[in-house]
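Data block below; observations after.
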Amino acid sequence: QVHVVESGGGLVQPGGSLRLSCAASGSIVSMKRWGWYRQAPGKQRELVASITYGRSTNYADFVKGRFTISSDNAKNTVYLQMNSLKPEDTAVYYCNAVGWGAKDDYWGQGTQVTVSS
């Protein structure tokens with residue numbers, strides 16, 4: 001059993017910053033890939049950023065230059081540093097952890113990020 005838990009969401013003013021964390025625990029040694037996704041009301045879930053075990057990163061165009069994804073493989077933890085936040089970044093942010101087995105694909109419950117003055 002693997003559990004994935006996000007933390008760090010909240011309310012922030014436009015231009016502000018937040019740091020999301022996501023930790024995986026349970027019967028797993030390491031993750032092959034981590035991803036942060038978000039879903040705003042009435043919209044589909046979309047990829048925000050991803051990072052592999054080897055620390056190759058990928059970002060959606062709408063966060064490039066503002067968000068940074070990083071990971072700690074030893075702790076099975078991934079982070080998302082979000083700077084210069086905009087109201088359109090408001091969404092529930094979900095963490096996805098993909099392990100090395102074919103069925104090792106886990107999602108957290110999500111954490112709300114609200115950008116508003």
Quiz item: When Trp107 is evaluated against the numbered criteria (1) open to solvent by 50 Å² or more (accessible area, probe 1.4 Å); (2) in contact with a strand residue (DSSP E or B) (Cβ under 9 Å, 6 or more places away or on another chain); (3) modelled with pLDDT under 95, which criterion, by number, is the only one it fails?
Solution: (3)
Quiz item: Can you name every residue in region 49-63 that is assigned to a loop (DSSP other than H, G, I, E, B) and surrounded by 14 or more Cβ atoms within 10 Å (Cβ to Cβ)?
Solution: Tyr53, Ala60
Quiz item: Are any residues in region 14-42 under 19 Å from Leu85 (Cα atoms) and charged (D, E, K, R), and if so, which ones?
Solution: Arg19, Arg38
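Results for (1) in a helix (DSSP H, G or I); (2) surrounded by fewer than 21 Cβ atoms within 10 Å (Cβ to Cβ), shown as yes or no for each residue.
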site: Gly65; (1), (2): no, yes
site: Ser70; (1), (2): no, yes
site: Ala74; (1), (2): yes, yes
site: Tyr79; (1), (2): no, yes
site: Ser84; (1), (2): no, yes
site: Glu88; (1), (2): yes, yes
site: Tyr93; (1), (2): no, no
site: Ala97; (1), (2): no, no
Quiz item: Is it fair to say Val115 is surrounded by 13 or more Cβ atoms within 10 Å (Cβ to Cβ), touching a Pro at 6+ places or on another chain (Cβ under 6 Å), in contact (Cβ under 8 Å) with a residue 24 or more places away in the chain and not charged (D, E, K, R)?
Solution: yes
Practice problem: Return yes when Gly16 is within 14 Å of the chain's Cα centre (by Cα), open to solvent by less than 40 Å² (accessible area, probe 1.4 Å) and in contact (Cβ under 8 Å) with a residue 24 or more places away in the chain and no when it is not. | Solution: no
Practice problem: Look at region 19-48 and say how many of its residues are modelled with pLDDT of 95 or more, under 17 Å from the mean Cα position of the chain (by Cα) and assigned to a loop (DSSP other than H, G, I, E, B). | Solution: 3
Quiz item: Scanning region 1-48 for residues that are touching a Gly at 6+ places or on another chain (Cβ under 9 Å) and of a type in the set (Val, Ile, Thr), which turns out farthest from Ser71 (Cα to Cα)?
Solution: Val2
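The values are calculated or read from the model by the stated rules, or taken from the named source; none is laboratory data. This structure is a prediction, so every number in the text was calculated from the model and none was measured. Every residue, glycine among them, receives a Cβ derived from its backbone with ideal geometry; neighbour counts consider all protein chains shown. The accessibility values were calculated without ligands, DNA or RNA, using every heavy atom of the protein model including side chains. Shrake-Rupley method; radii C 1.70, N 1.55, O 1.52, S 1.80 Å.
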